[in-house]
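Encoded as structure tokens, the structure appears first; notes follow it.
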Amino acid sequence: MRHMAGKRPDRNAVAVSDLATDILDPVLRRRAGISIGLVQSWEDIVGPRLARTSRPEKIQWPRRMHDDDPFEPAVLVIACEGAAALHLQHETGEVISRVNAFLGFSAIGRVRIVQKPVESGQLREKPARRALAPEENARIARVVGNVEDDGLRAALERLGESVLASKARKG
């Protein structure tokens, strides 16, 4: 039996932002070696103070002549505004650690800072997020419960809360 369009809600609906991410992510990976997830999570990774004046530009992977060449970490190129570059330079070790934790492996070995204006899009106020349901909080706690490092576990909890709170509740 066929239903007319508009008569029944589409149970397979996908948010436009998810479609855009699915389309743009491979392009960004190919052109800049960077994922949308890293760009979107930049504030959670480096904190609000650094996020206001910086953004990840690209990841430069070393050329490998052969498949059996040993893995070498990449260089993360970060755009940064004027005097804020000095603050970022003093925190590069911490930024590298946090980006590698976000990516899940030691992908980044160095940071290169490029001084240039950062788009004002990062300075926009964040929309109010919805409160999480108790089962969502429990899910986050289960997922990150085995992480031994307190700081990393707290950062992952904040990231999980941010991701879940920004999505519309199903039901």
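The values are calculated or read from the model by the stated rules, or taken from the named source; none is laboratory data. Just so you know, these numbers come straight off a predicted model, no measurement behind them. Note that each Cβ is placed from the backbone with ideal geometry, even for glycine, and that neighbours are counted across all protein chains shown.
For the stretch 57-64, does any single residue satisfy the condition of being over 29 Å from residue 154 (Cα atoms), surrounded by fewer than 17 Cβ atoms within 10 Å (Cβ to Cβ) and modelled with pLDDT under 50?
So far as the stretch 57-64 goes, no, none of its residues is over 29 Å from residue 154 (Cα atoms), surrounded by fewer than 17 Cβ atoms within 10 Å (Cβ to Cβ) and modelled with pLDDT under 50.
Mind checking which helices (runs of 4 or more DSSP H) fall wholly inside the stretch 74-171 and carry at least 1 residues that are modelled with pLDDT under 85?
Once the helices (runs of 4 or more DSSP H) in the stretch 74-171 are filtered for at least 1 residues that are modelled with pLDDT under 85, what remains is 92-103, 150-166.
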